[in-house]
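Beneath this line is the structure, given in structure tokens, with notes to follow.
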Amino acid sequence: MINSETRGFVPSLNTVVSESELPAETDVVVIGGGTAGVSTALFLAEKGVRVTLCEKGEIAAEQSSRNWGWTRQMGRDPLEMPLTIQSLNLWRTLKDRFGIEAGYKETGIVYVCKKDWEVKQAEGWARTGKEHGLPLRELTAREIADIVPGIAPGQNYGLHTATDGRAEPALAVPAFADAARRLGAKIVTRCAVRGFEKTGGAVSAVVTEKGTIKCSAVVVAGGVWTRPFLLNMGVHLPQLNIIAAAARVEAVSGNLHNGPDFPMGGAAFGLRKRMDGGYTVGPRNINIAPITPDSFRLFTDFLPVFLKSWRELSLRFGKDFFEELMSRKRWSLDQMTPFEAVRVLNPEPSDWMLDRALKGMRETLPALRDARVTHAWGGAIDATADGVPVIDGVEQVPGLYIAAGLSGHGFGAGPAVGQLMAELVAGDRPTVDPTPFRYNRFRSTKRFAAWEPKQAYA
């Protein structure tokens, strides 16, 4: 049983000191202190752009510190491959380029498979990886046993990518923020942005709970909060949220030296060795998909991905539906917002999901059979209708940019997301083709992009 004091608590999250005063003017305001937002601020600051990042709570306090900490190219959507390959290139240079200590280590990642559907999925990933030049190996049962000594028998197919690896989520994103500050960025925490002002149809300022900042561009990188923020401003983003869970485990004897040093995934679990000597473990191939009013509003957009990925989703009808139904959808810029009411979103970790993951880990890795859970937490993931992020400007509102919908891939892909967003904002030649990440690619954004509400209301 998990101690109530450590349930919902993410261990070792570094705190970033906030600016004491809000700047009156800047070039770009970034909304959101997660991986995407902080990475954007970092690369904008490197370009010499005046940038201020506003976070309603604390840096990386939500999903950016609650993920597994994998930095991977294997298993990505083909549309994301160039972005994730570039992100791994950046992970390798962050320490030398910015002085960032993120616990990054290029250990390789291994997937192991038993069932036919797992093998079929992994074979598809293998084809994609090879097409993009990854040093990816398909493994036989004997090769799996060589790479993972002591693994339980029955794993008949595996994948290994030597250039993938791991980093520490609770350390990395705060380190990005400190590096951005050293380059001149302003980092303001516990400062919710209520909305933005326009002049001649273009962004001219943001309004925060602490005051107004004049600017010519705003990047909305608010994770699961991005859709409600934009909706109040008359901009439609088809985004739903899914709930994940993870736990920290350690051995009864105090060490887990016989476990793998590299991230590893089985049908029911994913795990990563932590710098503190334990492991982060989470359920793989399953997340909770709360049924909410938005599930029906966005049904047409999301139906294809649900039909494709139904095996990985557990539908849940309950308090999420009524909380969203009763939540405020409109507010004026002088009113308190939902972002001030919930500084840190802290979903309850699902016991059955964690039990499933721990059972899979123990059955697959006998060396971890006696591992005990010390902490458990939930996280909310912002997902788009095709599982690929939006990294784009909104043509109908000059100066408005979106970096959201990272669909559970944000930590590993985050540096390249921030680099690409910074290039788009600055008008520079993009390192990665931004076409797959355009805002207007969905049915509903084509119909409803930038509709103007008659008025805000409480």
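The values are calculated or read from the model by the stated rules, or taken from the named source; none is laboratory data. What you see is a predicted model; the values in this text were computed from it and never measured. Ideal geometry is used to build each Cβ from the backbone, glycine not excepted, and the neighbour counts take in all protein chains shown. Keep in mind that these areas ignore ligands, DNA and RNA; they rest on the heavy atoms of the full protein, side chains included. Shrake-Rupley method; radii C 1.70, N 1.55, O 1.52, S 1.80 Å.
Rounded, prolate or oblate for segment 1-88? Axes are the square roots of the Cα gyration tensor eigenvalues, ordered a ≥ b ≥ c, and the cut-off for rounded is a/c under 1.5.
It is oblate, given that a/c is not under 1.5 and a/b is not larger than b/c.
Of all trypsin sites (Lys or Arg not before Pro) in segment 61-139, which ones are in loop regions per DSSP and have a Cβ with at most 12 other Cβ atoms within 10 Å?
Here the trypsin sites (Lys or Arg not before Pro) that fit, given the DSSP loop and packing criteria, are K115.
Taking only protein heavy atoms and a 1.4 Å probe, what accessible area per residue, in Å², does the chain have with all protein chains in place?
On a per-residue basis, the chain sits at 41 Å².
Work out the FRET efficiency for L307 and R438 from their Cβ-Cβ distance, taking R0 = 30 Å, and round it to the nearest 0.05.
Once rounded, the FRET efficiency stands at 0.80.
Taking a ≥ b ≥ c as the square roots of the eigenvalues of the Cα gyration tensor of the chain, is the shape rounded (a/c under 1.5), prolate (a/b larger than b/c) or oblate?
Prolate, since a/c reaches 1.5 and a/b exceeds b/c.
Are there chymotrypsin sites (Phe, Trp or Tyr not before Pro) in segment 257-355 that DSSP marks as loop and that have at most 11 other Cβ atoms within 10 Å, and which are they?
Here the sparse-neighbourhood loop sites are F317.
What net charge do the residues around L420 carry, taking every other residue with its C-beta under 14 Å from that of L420, with Lys and Arg at +1 and Asp and Glu at -1?
-3
Helix-only estimate, please: 222 nm mean residue ellipticity of the chain, summing -39500 (n - 2.57) across DSSP H runs of length 4 or more and dividing by its residues, to the nearest 500.
Calculated at 222 nm, the ellipticity per residue is -9000 deg cm²/dmol.
Would you mind classifying segment 96-241 by shape? Square roots of the alpha carbon gyration tensor eigenvalues, ordered a ≥ b ≥ c; an a/c under 1.5 is rounded, otherwise it is prolate if a/b is larger than b/c and oblate if not.
The shape class here is prolate.
Straight-line reach from K329: which aspartates and glutamates have a Cα under 19 Å away, not including same-chain ones fewer than 8 places off?
E197, E209, D294, D320, E340, D382, E452
Determine which lysines satisfy two conditions relative to K186: a Cα distance under 23 Å, and not lying fewer than 8 residues away in the same chain.
In chain and number order, the partners are K47, K56, K95, K198, K210, K214.
Report the full-extension gain for the segment K130 to Q396: residue separation times 0.36 nm, less the Cα-Cα distance, to one decimal in nm.
So the chain would gain 91.9 nm between K130 and Q396.
Can you give me the distance in nm between label points at A162 and A341, each placed 7 Å from the Cα along the Cα-to-Cβ direction?
My value for the distance between the label points is 5.4 nm.
For the chain, which whole percent of the accessible surface, found with a 1.4 angstrom probe, sits on carbon and sulfur atoms?
52
For the pair A202 and D370, what calculated FRET efficiency results from E = 1/(1 + (r/R0)^6), where r is the Cβ-Cβ distance and R0 = 45 Å, to the nearest 0.05?
Taking R0 as 45 Å, the efficiency between D370 and A202 is 0.15.
Any idea what angle helix 351-364 forms with the longest principal axis of the chain, computed on alpha-carbon atoms, 0 to 90 degrees, nearest 10?
That helix lies at roughly 40 degrees to the long axis.
Give the relative contact order (percent, whole number) for the chain; include only Cα pairs under 8 Å separated by 6+ residues.
25
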